[in-house]
Amino acid sequence: MKVLVVGSGGREHALVWKIYQSERVEKIYVAPGNDGMLELAERVAIASDDIKALADWAEENKIDLTVVGPEKPLVEGIVDEFEARGLKIFGPNKKAARVEGSKVYAKEILNKYKIPTAEYEVFTDPDEALEYIQQAKYPLVIKAEGLAAGKGVVIATNREKAEAAIAKIMEERIFGDAGNRIVVEDFLEGEEVSILVFTDGKHILPLSPARDHKAVFDGDEGPNTGGMGAYSPVPSVTKEVEKEICEKILKPAIKAFQSEGINYKGILYTNLILTGMGPKVLDFNARLGDPESQVILTRLKDDLVDLMEMVVEDRLEEIELEWDERAAICVVLASGGYPIAYKTGFKIEGLEGLARHDNVLIFHAGTRKEGDGFVTAGGRVLGITVLGDGMIDAINQVYECVNEVYFEDMHYRTDIGYRVLDRDY
Ligand code: GLY
């Protein structure tokens, strides 16, 4: 079969890598992809949010399955367009993807169906928001309602920072219309985890838990990024915790969607905090995470195409997925200055040496081929991913690999996996 992957980052490289292993797949296309994927897939020069052009191309080229990586085309209705043309596509439709497209909508559902989440208020008027935060308890979380590439959430540790966040989102409008409304919510204390499940709208099939590191600097300091590193599994998400998440959050969420007339098919990615009062939802995403995919898909033994087809064809069974016993960790190498301003075009050195390890995978995000090698071409450049015998081994190995790579202004966190350094499993 012929598969089209939509997107261009590290998540899509991991998707292409995993789909390539399916014996049923003859050819993979990626739109628009990046040059680091060229050994596995053919690039198609169509932007990931040009829905009509993608559907025309998939129709003309008789694509058997399209897999959508990023949120924007999902929120804008790519699934509806493909389905209307009888094309098979994996991902939630526009109505379902709204759980990611509007943080206000997601909070309304959580609240209405009593799914544990932080207390919150919604503001359309910046003056009202500014008045509210005068009396608030800190830290406080300020979120732009719409899509902001993972950068629309600010944890304000004091009133000045909250005021600055409101000004940036609502007055300077750094996220455009995505900041027309904001959610201001209580800060939840505890470990953050990413729980991703396949769902056909009725059944759920959980993937192994992962943990992302969103802040740009060590110690979770600095602004949020799309994600600076991840690992899987997560030792604190024991079988019991997983069960609690399933019973208190995932199953009620799927039921809530049904009650709202949402037929949610695809990946539901729930960001959770494991608080002292149990797991609570931060937000929903309508897709695979980046860089969570790089550590989840590398450990998944089942055929991803089979699983996606089960979802698309409404025949998801509650099977036990098979996982590589090893721990996976991904460290993102970013351009200095990301997520704000950064330069690109720097030569990347040291990648050839890493190719000799069969437990090391290099997922490209923002790279471009130049001559025999690659140069930087984005904020997040590469995701160095290692499978190790337990998390401590994986952490040690990944940083040995990172030390072999160099490009000018290269920035990465040195503490990915810090929460597990004092406990192995
Ligand atoms: N890793 C965060 C995200 O994919 O949204």
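The values are calculated or read from the model by the stated rules, or taken from the named source; none is laboratory data. It should be emphasised that the depicted structure is a prediction, and the values quoted were computed from it without experimental measurement. Note that each Cβ is placed from the backbone with ideal geometry, even for glycine, and that neighbours are counted across all protein chains shown. Keep in mind that these areas ignore ligands, DNA and RNA; they rest on the heavy atoms of the full protein, side chains included. Shrake-Rupley method; radii C 1.70, N 1.55, O 1.52, S 1.80 Å.
Brief remarks on what is shown
- Comparison of VAL241, VAL193, VAL197, VAL216 shows that the only residue that is away from the ligand (no atom under 16 Å from the Cβ) and modelled with pLDDT of 95 or more is VAL241.
- Matching residues, region 1-36, being of a type in the set (Gly, Ala, Ser) and in a strand (DSSP E or B): GLY7, ALA31
- The one condition from (1) open to solvent by 50 Å² or more (accessible area, probe 1.4 Å); (2) on the phi < 0 side of the Ramachandran plot; (3) free of Cβ contacts under 8 Å to residues at least 40 places away in the same chain that ARG173 does not meet is (2).
- Considering each residue of region 374-383 in turn, at least one proves to be part of a strand (DSSP E or B), in contact (Cβ under 8 Å) with a residue 12 or more places away in the chain, among the charged types (D, E, K, R) and buried (at least 16 other Cβ atoms within 10 Å of the Cβ).
- Number of the exception - THR66 against (1) surrounded by fewer than 24 Cβ atoms within 10 Å (Cβ to Cβ); (2) over 24 Å from THR376 (Cβ atoms); (3) of a type in the set (Ser, Thr, Tyr): (1)
- Candidate set from region 252-270 (those that are small (Gly, Ala, Ser) and more than 16 Å from the ligand (Cβ to nearest atom)); member that is surrounded by the most Cβ atoms within 10 Å (Cβ to Cβ): ALA253
- Taking first residues from region 258-281 that are more than 15 Å from ILE109 (Cβ to Cβ) and partners that are of a type outside the set (A, V, I, L, M, F, W, C) and in a helix (DSSP H, G or I), the Cβ contacts under 7 Å between residues at least 6 apart in sequence or on separate chains come to GLY278/GLU244; GLY278/LYS248; PRO279/GLU244; PRO279/LYS248.
Residue-by-condition table, conditions (1) hydroxyl-bearing (Ser, Thr, Tyr); (2) not in a loop (DSSP other than H, G, I, E, B):
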{"site": "GLU318", "(1), (2)": "no, no"}
{"site": "GLU325", "(1), (2)": "no, no"}
{"site": "CYS330", "(1), (2)": "no, yes"}
{"site": "LEU333", "(1), (2)": "no, yes"}
{"site": "ALA341", "(1), (2)": "no, no"}
{"site": "THR344", "(1), (2)": "yes, no"}
{"site": "GLU352", "(1), (2)": "no, yes"}
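- Answer from LYS52, LYS62 - the residue that is of a type outside the set (S, T, N, Q) and part of a loop (DSSP other than H, G, I, E, B): LYS62
- Selection status of GLU163, open to solvent by 30 Å² or more (accessible area, probe 1.4 Å), within 15 Å of the ligand (Cβ to nearest atom) and not in a loop (DSSP other than H, G, I, E, B): no
- Listed here are the helices (runs of 4 or more DSSP H) enclosed by region 94-157 that have at least 2 residues being touching a strand residue (DSSP E or B) at 6+ places or on another chain (Cβ under 6 Å) and among the basic types (Lys, Arg): 103-112.
- Criterion applied to VAL68, VAL30, VAL75 was being of a type in the set (Val, Ile, Thr) and without any contact (Cβ under 8 Å) to a residue 40 or more places away in the chain, and the one residue passing it is VAL30.
- Restricting attention to region 271-290, the residues being more than 9 Å from the ligand (Cβ to nearest atom), open to solvent by less than 20 Å² (accessible area, probe 1.4 Å) and within 18 Å of the chain's Cα centre (by Cα) number 5.
- Members of region 90-123 found to be among the hydrophobic types (A, V, I, L, M, F, W, C) and under 19 Å from the mean Cα position of the chain (by Cα), listed by number: PHE90, ALA96, ALA97, VAL99, ALA106
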